[in-house]
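Working notes, structure below.
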Amino acid sequence: MLVLFETAAGYAIFKVLNEKKLQEIDTLWKEFETPERANKIVKLKHFEKFQDTTEALAASTALVEGKLSKGLKKVLKKIVAKEAHEQLAVADAKLGGVIKDKLNLSCIHSPMVAELMRGIRNQVEGLIAGLPAREMAAMSLGLAHSLSRYKLKFSPDKVDTMIVQAISLLDDLDKELNNYIMRCREWYGWHFPELGKIITDNLVYCKCLRRVGDRRNFSTFDLSELLPEDVEEEVKAASEISMGTEVSEEDIENILHLCDQVIEISEYRAQLYDYLKNRMMAIAPNLTVMVGELVGARLISHAGSLLNLAKHPASTVQILGAEKALFRALKTRKDTPKYGLIYHASVVGQTTAKNKGKVSRTLAAKTALAIRYDALGDDISAVVGVENKAKVEARLRYLEEKGIKRISGTGKALARAEKYQHKSEVRTYDPSGDSTLPIKCKIEEEVEVKPETTLKKKKKKRHQTEFTAEEPAEELVVEEEEVEPVKKKRKKEKKLKVEEEEEPSTSTAAEMPKKKKKVKVKIEPEDD
């Protein structure tokens, strides 16, 4: 077995002398306690030294990226190809795969190889002859510095570091400016309180203080360069009748020093904003066109880098910056937020409140495409950003106007918008529900219509010759008793026959309520 070992001074190839001891991984470190014992396990076969730091940097960079450098390829062809039957132990499995593909050499990478590499690293000075420890340390330090500079210079993750720092500094400057201006207004307000209400612009306020100083000097100074004529006259009039207290010259000097700080910081902030705008257009032009330089820089800063931001899906870009609200909503089982930092984009700001969620989702989808094009594409133009922004604005107009537009996609089919028709049944008032009678009674009335007519016919046949006042009384009683069940009717028919022979006293009972009449019909025979 052969071992490929990389050092800061060059490539070393060792020959394993005793492979049986490599099987005991737990006790393998004991074999490398001393250089003498280490030489019994492995023996140096070839050492290819680097010519200078540049070559060492190129070889180290290739190893970090898992590539096969030219120097290593020559060494492997020269030394290892002669013993193609031997296995080559490598520290990196990715590098072993590249060597196997290009040189057709059998490579091995396992925990045993890792432990063997560790032992060789501990005794590298004794195993490689002619390489002093001081020279080895100097080469390692120089290579480490060169590799670090190379990573900072050429790493795609670190290109946008300036944007992250600039936007963070811009936010800090805004906070400091706000504190300074608030302190300046409150401090000078004791001397001239009316000035703060007249001049609302903070920078103009500080410039006026810097030029005039004491309140009594406002009437004599010309402020036409800083203020309009009407505002200048109002300031001069207010200075003569001000309710402020008198302050000393030393107090005025301290206030003016604070004004100088505010003016300087404001000028530096404007300069920093221009720098940030130029850097954003150079690094992420499509993102800048979509959401603006400030929102784009904040998205990059929040994600850590442009490449990390490109890895996020559109749904994450949409709520980036609203993590607290998201997790609070998930915890309380309420509605999740619809937007985060992207809310401050101009496209979202000009929409109505009901459409902000839809527009922010559309903008996040197109912005995610623009970010990936900026991070991973070779072109630096902002064509993709302009096209995507036009689509978002078209979507915004569609939502605002609610017009029928062409469907995006193939373009072969048109949108067929059908009018929505509410097909629910219209219920009307049912007056039948107002009845207070039981349901059974209504059914019995319908069933008992025919017996009633038969009874009348039979009675007319029996009493054809007799036309007295008893006949209407009979009919009234029969009609009133139709409500009762059929069984009770049969019993009452017998009673009615008896009543026909008696006095027609039922005529008065017909005018009474139904239930009472029934009771009276039963009771009357007993009274007689």
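Let a ≥ b ≥ c be the square roots of the eigenvalues of the Cα gyration tensor of the range 233-274; is it rounded (a/c under 1.5), or, if not, prolate (a/b larger than b/c) or oblate? Note, shape of the range 233-274 comes out oblate. Available extension along the chain between Tyr398 and Ala58 is 116.8 nm, counting 0.36 nm per residue and deducting the alpha carbon span.
Solvent-accessible surface of the range 1-73, taken per residue with a 1.4 Å probe and all protein chains present: 54 Å².
Using the Cβ-Cβ distance between Thr200 and His145 with R0 set to 51 Å, the FRET efficiency works out to roughly 0.40.
Modelled this way, with points 7 Å down the Cα-to-C-beta line, the labels at Glu33 and Asn308 are 4.7 nm from one another. Could you sort out which of Lys311/Lys356; Lys49/Lys100; Lys20/Lys100; Lys277/Lys402 sit more than 29 Å apart by Cα distance in this structure? Violating the 29 Å limit, Cα to Cα: Lys277/Lys402. Between the beta carbons of Arg210 and Ala137, assuming R0 = 45 Å, the FRET efficiency works out to 0.15 to the nearest 0.05. Using C-alpha pairs under 8 Å with a sequence gap of at least 6, the mean separation divided by the residue count of the range 89-202 gives a relative contact order of 12 percent. Relative contact order of the range 284-401: 37 percent, from C-alpha pairs under 8 Å at least 6 residues apart in sequence. Annotation for the range 1-39 versus the range 54-124: alpha-carbon center distance of 15 Å. Would you please classify the overall shape of the range 161-272 from the alpha carbon gyration tensor, given that a ≥ b ≥ c denote the square roots of the eigenvalues, rounded means a/c under 1.5, and beyond that prolate means a/b larger than b/c while oblate covers the rest? Judged from the Cα gyration tensor, the range 161-272 comes out prolate (a/c at least 1.5, a/b above b/c). Take every Cα pair under 8 Å whose residues are at least 6 apart in sequence, average their separation, divide by the length of the range 2-153, and the relative contact order is 29 percent.
The mean accessible area for residues of the range 284-401, using a 1.4 Å probe and ignoring ligands and nucleic acids, is 52 Å² per residue. For the range 161-272, the fraction of 1.4 Å probe accessible surface lying on carbon and sulfur atoms is 50 percent. Placing a pseudo-label 7 Å from each Cα along the Cα-to-Cβ vector at Arg121 and Asn355 gives an inter-label distance of 6.1 nm. Here the accessible area of the range 284-401 is 54 percent carbon and sulfur, with a 1.4 angstrom probe and all protein chains present. Overall form of the range 284-401: oblate. Here a/c, set by the Cα gyration tensor axes a ≥ b ≥ c, is 1.5 or more, and a/b is not larger than b/c. Using a probe of 1.4 angstrom and keeping all protein chains present, the accessible surface of the range 161-272 works out to 59 square angstrom per residue. Amide H to amide H, with H built 1.01 Å from N, Lys45 comes under 5 Å of Ile13, Phe14, Lys15, counting only residues 5 or more places away or on other chains. Where the centre of each part is set by its Cα atoms, how far does the range 320-352 sit from the range 184-203, in angstrom? The two parts, judged by their Cα centres, are 37 Å apart. Net charge of the neighbourhood of Tyr273, taken over other residues with C-beta under 14 Å away and scored Lys/Arg +1, Asp/Glu -1, is -2.
Extending 7 Å from the Cα toward the beta-carbon at both Glu264 and Asn178 defines two label points whose distance is 2.3 nm. Once the C-beta distance of Gln87 and Leu330 is scaled by a Förster radius of 56 Å, the resulting FRET efficiency is 0.60 to the nearest 0.05.
Sum up the charges of everything whose Cβ sits under 14 Å from the Cβ of Lys197, counting Lys and Arg as +1 and Asp and Glu as -1, but leave Lys197 out. So the environment of Lys197 carries a net charge of -3.
The values are calculated or read from the model by the stated rules, or taken from the named source; none is laboratory data. For clarity, every value in this text was computed on a predicted model and none was experimentally measured. FYI the Cβ positions are ideal-geometry reconstructions off the backbone, even for glycines, and counts take in every protein chain you see. All accessible areas refer to the heavy atoms of the entire protein, side chains included, with ligands and DNA or RNA removed. Shrake-Rupley method; radii C 1.70, N 1.55, O 1.52, S 1.80 Å.
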